[in-house]
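Comments concern the structure below.
Read-outs: derived from the displayed coordinates by stated rules, not from any lab. Predicted model only: the values in this text are computed from it and were never measured. Neighbour counts are summed over all protein chains in view; Cβ atoms, including those assigned to glycine, are modelled from backbone coordinates with ideal geometry.
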Amino acid sequence: MKVRGTTKVVGLLGWPVEHSMSPAMHNAAFREAGLNYTYVPFPVQPEHLAKAVDAIRALNLAGANVTIPHKVAVMQYLDEIDEDAQKIGAVNTIVNVQGRLVGYNTDGQGFIRSLAEQGIGVKAAKVVLLGAGGAARAVVEALLSAGAASVTIAARSGDKANHLAGHYSSPAVTGIDWQSDVLTRRLAECDLLINATPLGMAPAVEKIPPVNWPALASQTIVCDLIYNPLMTRFLQQAKERGHQVVTGEGMLAGQGALAFQIWTKTAAPYDVMAGNLLQQLKEQQENC
Ligand code: NAP
């Protein structure tokens, strides 16, 4: 699709943005859907964030994605923030509604979408989640909205895990130190085990969060939010023990698909987006 005067522009605000896979993924999706949109990365230094958000209005962009390090700071410059994004405390998607900028967070729902694409439901599921950072916060919120029965947040800092669990004021969510014996008991009864730490992400691919594999129930599905590499050591070990595994590119495609729907009010071509990411990741690995 050629860029014309009528082309709608969606931006990516981040610092840095050079390695982002979102531009190619979204432009492939716009092409597939036959929409006259284009997606452009903008490297925005933290001190320029307010002006960059104002530029969405001034340049009449259709919307934007927001990535590291701006997901929290951007909230103060928006006109309205969706309830989920408020609960999560971060925004990754902005839509421009006639000059009013509305913020959303599609990260957690994107994870649920990626599971659904593989026929995995989370209703009534017992979940153990490793890590208590920003991604964990979005995923826990989405798991609760989707009807998970319980979520145990296990992190290297029991205090941080507890603090995050306290945020939900729900007896279904507990926070523990991942060295504690409680983790062994929760692993024995969980349906989903999720790594939401960066342990195992390139270049430190040899790292792995501490999991007592023999304690894990045999039917547990094991997920990693990391997508570089696709098959982390954590997932390799789970697979060797016979667990179904879920790689992290699905969450990236899922959050992108939901953002696409918010901007365009059109169903997103999820398969094209996930396929595009897999291709980019393959090319990246070949170039290493
Ligand atoms: P974050 O906010 O920095 O949180 C990271 C969490 O991991 C914290 O609980 C942190 O503990 C823990 N952690 C970090 N280094 C550790 C180490 N060496 N040993 C033990 N625990 C450690 O990061 P995030 O934004 O939540 O991202 C977490 C992971 O999810 C990253 O790998 C990221 O690439 C991935 N992610 C994927 C997607 C996707 O679309 N697939 C989206 C978002 C994030 P402390 O607080 O104690 O440091």
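A few comments on the model shown:
- Among the residues of the stretch 73-94, just one is more than 16 Å from Leu164 (Cα to Cα), in contact (Cβ under 8 Å) with a residue 40 or more places away in the chain and assigned to a loop (DSSP other than H, G, I, E, B), namely Asn92.
- Residues that are surrounded by 16 or more Cβ atoms within 10 Å (Cβ to Cβ) and more than 29 Å from Ser157 (Cα to Cα) were ranked within the stretch 88-103; the one that is nearest to the chain's Cα centre (by Cα) is Thr93.
- Enumeration of residues in the stretch 128-162 that are of a type outside the set (A, V, I, L, M) and out of contact with any Ser or Thr (no Cβ under 9 Å at 6 or more places or on another chain): Gly134, Arg137, Glu141, Ser145, Gly147, Ser157, Asp159, Lys160
- Among the candidates Ala85, Ala55, Ala50, Ala29, residue that is among the hydrophobic types (A, V, I, L, M, F, W, C), surrounded by 15 or more Cβ atoms within 10 Å (Cβ to Cβ) and touching a helix residue (DSSP H, G or I) at 6+ places or on another chain (Cβ under 7 Å): Ala29
- In the stretch 190-210, the residues that are out of contact with any Phe, Trp or Tyr (no Cβ under 7 Å at 6 or more places or on another chain), in a loop (DSSP other than H, G, I, E, B) and aliphatic (A, V, I, L, M): Ala196, Leu199, Met201, Ala202, Ala204, Val205
- For the stretch 65-82, filtered to residues that are polar (S, T, N, Q) and buried (at least 16 other Cβ atoms within 10 Å of the Cβ), the residue that is nearest to Lys265 (Cα to Cα) is Asn65.
- For the stretch 110-159, the set of residues classified as basic (Lys, Arg) and either buried (at least 16 other Cβ atoms within 10 Å of the Cβ) or without any contact (Cβ under 8 Å) to a residue 24 or more places away in the chain (or both) consists of Arg113, Lys126, Arg137, Arg156, listed by residue number.
- The condition (being under 26 Å from Ala146 (Cα atoms) and within 16 Å of the ligand (Cβ to nearest atom)) is satisfied by just one residue among Ala204, Ala267, Ala274, Ala217: Ala274.
- Here the stretch 161-182 is the region considered, the condition is being of a type outside the set (Ser, Thr, Tyr) and within 20 Å of the chain's Cα centre (by Cα), and the residue that is surrounded by the most Cβ atoms within 10 Å (Cβ to Cβ) is Ala161.
- Residue check for Arg185: surrounded by fewer than 24 Cβ atoms within 10 Å (Cβ to Cβ) and within 13 Å of the ligand (Cβ to nearest atom): no
- Single match in Gln255, Gln219, Gln237 (criterion: of a type outside the set (D, E, K, R), surrounded by fewer than 17 Cβ atoms within 10 Å (Cβ to Cβ) and not in a loop (DSSP other than H, G, I, E, B)): Gln237
- Residue match in the stretch 260-280 (condition: over 23 Å from Asn195 (Cα atoms) and under 13 Å from the mean Cα position of the chain (by Cα)): no
- Residue in the stretch 48-65 that is more than 20 Å from Gly108 (Cβ to Cβ) and of a type in the set (S, T, N, Q) present: yes
- Glu32 vs. criteria part of a helix (DSSP H, G or I), among the acidic types (Asp, Glu) and under 19 Å from Met273 (Cα atoms): yes
- Inspection of the stretch 128-149 finds a residue satisfying the criterion of being on the phi > 0 side of the Ramachandran plot, in a loop (DSSP other than H, G, I, E, B) and near the ligand (Cβ under 9 Å from one of its atoms).
- Tally, over the stretch 15-26, of residues that are in contact with a strand residue (DSSP E or B) (Cβ under 7 Å, 6 or more places away or on another chain) and either crowded, with 17+ Cβ neighbours inside 10 Å or in contact (Cβ under 8 Å) with a residue 40 or more places away in the chain (or both): 6
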